[in-house]
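Contents: one structure, followed by commentary.
Readers should treat all values here as calculations from the given coordinates under stated rules, not as data from a laboratory. Everything quoted here is computed from the prediction, not taken from an experiment. Reconstructed Cβ throughout: ideal geometry from the backbone, glycine too, with neighbour counts over all protein chains shown.
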Amino acid sequence: MRVLVIGGGGREHALCLALSRDPSVEALFCAPGNPGIAQLAELRPLTDAVEVAKEVGAELVVVGPEAPLVAGVADQLRDAGFAVFGPSAAAAELEGSKAFAKQVMGAAGVPTAAHHTCTTPAEVEAALDATGPPYVVKHDELAAGKGVVVTGDRALAARHATGHTVVIEDYLDGPEVSLFLITDGITILPLIPAQDFKRVNDDDEGPNTGGMGAYAPLPWAPPGLVAEVVEKVARPTIEEMAKRGTPFSGLLYAGLALTSKGVRVVEFNVRFGDPETQAVLALLATPLAGLLYAAATGTLDAHPPLQWRDGASVTVVVCAAGYPESPRTGDEIAGLDEAGGADVLHAGTALADGRLVTSGGRVLAVTAVAADLKAARELAYDAVAQIKIEGSHYRSDIALRASQQT
């Protein structure tokens, strides 16, 4: 199979790594890719996705990031006759608009936080009165994982809402879980749950980020969690989207809170999450290309059950100086050759005069697999310790608590 991946971040590097290990993939391309992906796939500039797909003779196109999905790239590719893993623009509104996602959840009876959609300062103040602290304020738009504030500071919550349509909702207590669900619009195949770490500093302190690390599986997850989410969250949502005439196929990402009152949906995304993808795909034994192709072509019902490797995986994200507020770019990256025992996935890197340098806030995602979480943590952090980037930082507590429970 000839496969084209659209995107150039850590998620796409993880996808390309898994696809490169699939014996059915005879040619792998990525547009635009990054220096790490270039070691696995042939890179193409991303000018026009349809033209690139034609040029490389793609038999499957995998669209990684949310922005092109919301912009309708999957529609353009399907109209041109390509098998595409990724939802239509209409279906991608589940991520593109928090208010739309809440409407769908309400119609489908999916459990989520009570909410208010606000467009004026008066509506914001009334919503903050109604919810009380801690305040949860979400921009009703794509924001690269950083459009949300959770705070006890009412003034900060109100400032975050200024100039935006926002969704203000009740705070959900309990641990958060990420669950990826692959669907062709009818059949749903869940992957294993993961947990990511959004705050920039240890102990979940500091501002929200796009994700500082992740691990899988979750030894503390309640039995039956995945089956419950499929039946109470994913299936009603997929059925509601079909009823609206906007069927959803691709990857439905359910961000969940395991609250004292039961499972609640925090948010939907419409693509593989980053950095959970790195941790989850590292454990997937089923060849990825055939799985994504089955979803893209409506044949997921005939796909064999998913197979998983034993053990656990831990991903630690190494960030540039100044991330997330004002990440610095252009710093040289060294030590990757010494970072053995783990996969070093590029997220924000570039080549400048033959040197590998930082080009974004989240620079690398270091992923290790071992027999258990404790051993995977040791491998991941041993590799991270070899990487040298001036001013870089990372969390030291990814999967720490879970590893102590096993």
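Rank these for me by crowding, His160, His393, His346, His13, going from fewest to most other beta carbons within 10 Å. Provide the component values of the computation, followed by the final result.
Values: His160 21, His393 16, His346 26, His13 35.
Placing the least packed residue first, the sequence is His393, His160, His346, His13.
When you work out D = kT/(6 pi eta Rh) for the chain at 10 °C and 1.306 mPa s, using the Kirkwood radius from C-alpha pairs as Rh and the Stokes-Einstein form, the result is 74 µm²/s. Across segment 258-404, C-alpha contacts under 8 Å between residues 6 or more apart give a mean separation that, scaled by the residue count, equals a relative contact order of 26 percent.
Neighbour counts of C-beta atoms inside 10 Å place Ile238, Ile186, Ile192, Ile37 in the sequence Ile186, Ile192, Ile238, Ile37, starting with the fewest. Take every pair of alpha-carbon atoms less than 8 Å apart whose residues are at least six positions apart; their mean separation over the length of the chain yields a relative contact order of 17 percent. For segment 206-266, chymotrypsin sites (Phe, Trp or Tyr not before Pro) meeting the loop criterion (DSSP other than H, G, I, E, B) and having at most 13 other Cβ atoms within 10 Å: Trp220. Rounded to the nearest whole Hz, the Karplus-based 3J(HN,Hα) values (6.51 cos²θ - 1.76 cosθ + 1.60, θ = phi - 60°) of segment 368-384 follow the sequence 10, 10, 8, 5, 8, 5, 4, 5, 5, 4, 4, 4, 5, 6, 4, 5, 4, with x at glycine and proline. Compute the FRET efficiency between Asp310 and Arg159 as 1/(1 + (r/R0)^6), taking r as their Cβ-Cβ distance and R0 = 56 Å, and round to the nearest 0.05. It comes out at approximately 0.70.
Only Cα pairs under 8 Å and 6+ residues apart enter the sum, and on that basis the relative contact order of segment 116-169 stands at 49 percent.
The charge dipole of the chain, taken about the Cα centre with unit charges on the Cβ atoms of Lys, Arg (+1) and Asp, Glu (-1), comes to about 340 debye, rounded to the nearest 20. Here's the list of lysines a cross-link from Lys138 could span, going by alpha-carbon distance under 16 Å and ignoring same-chain residues fewer than 8 apart: Lys98, Lys102, Lys146, Lys198. What whole-number distance in Å separates the alpha-carbon centres of segment 87-146 and segment 148-175? Using only Cα atoms to place each centre, the spacing works out to 10 Å. What is the calculated FRET efficiency for Thr120 to Trp220, with r their C-beta to C-beta distance and R₀ = 41 Å, to the nearest 0.05? The pair Thr120/Trp220 has a calculated efficiency of 0.45.
Calculated FRET efficiency, Ala38 to Ala334, Cβ-Cβ distance, R0 = 22 Å: about 0.75 to the nearest 0.05. What percent antiparallel are the DSSP beta bridges of segment 116-169, to the nearest 5? Of the beta bridges lying entirely in segment 116-169, close to 100 percent run antiparallel.
Going from the fewest other Cβ atoms within 10 Å to the most, the residues Asp397, Asp153, Asp331 appear in the order Asp153, Asp397, Asp331. The shape of segment 116-169 comes out oblate: with a ≥ b ≥ c from the C-alpha gyration tensor, a/c is at least 1.5 while a/b does not beat b/c. Within a straight-line Cα-Cα reach of under 15 Å, Lys232 can be paired with the following aspartates and glutamates, leaving aside sequence neighbours fewer than 8 residues apart in one chain: Glu240, Glu267. If the segment from Asp382 to Thr151 were pulled out straight at 0.36 nm per residue, it would be longer than the present Cα-Cα gap by 79.8 nm. When the charge dipole of the chain is built from unit charges on Cβ atoms (+1 for Lys and Arg, -1 for Asp and Glu) and taken about the Cα centre, the candidate among Gly224, Gly163, Val62 whose Cα reaches farthest toward its positive end is Gly224.
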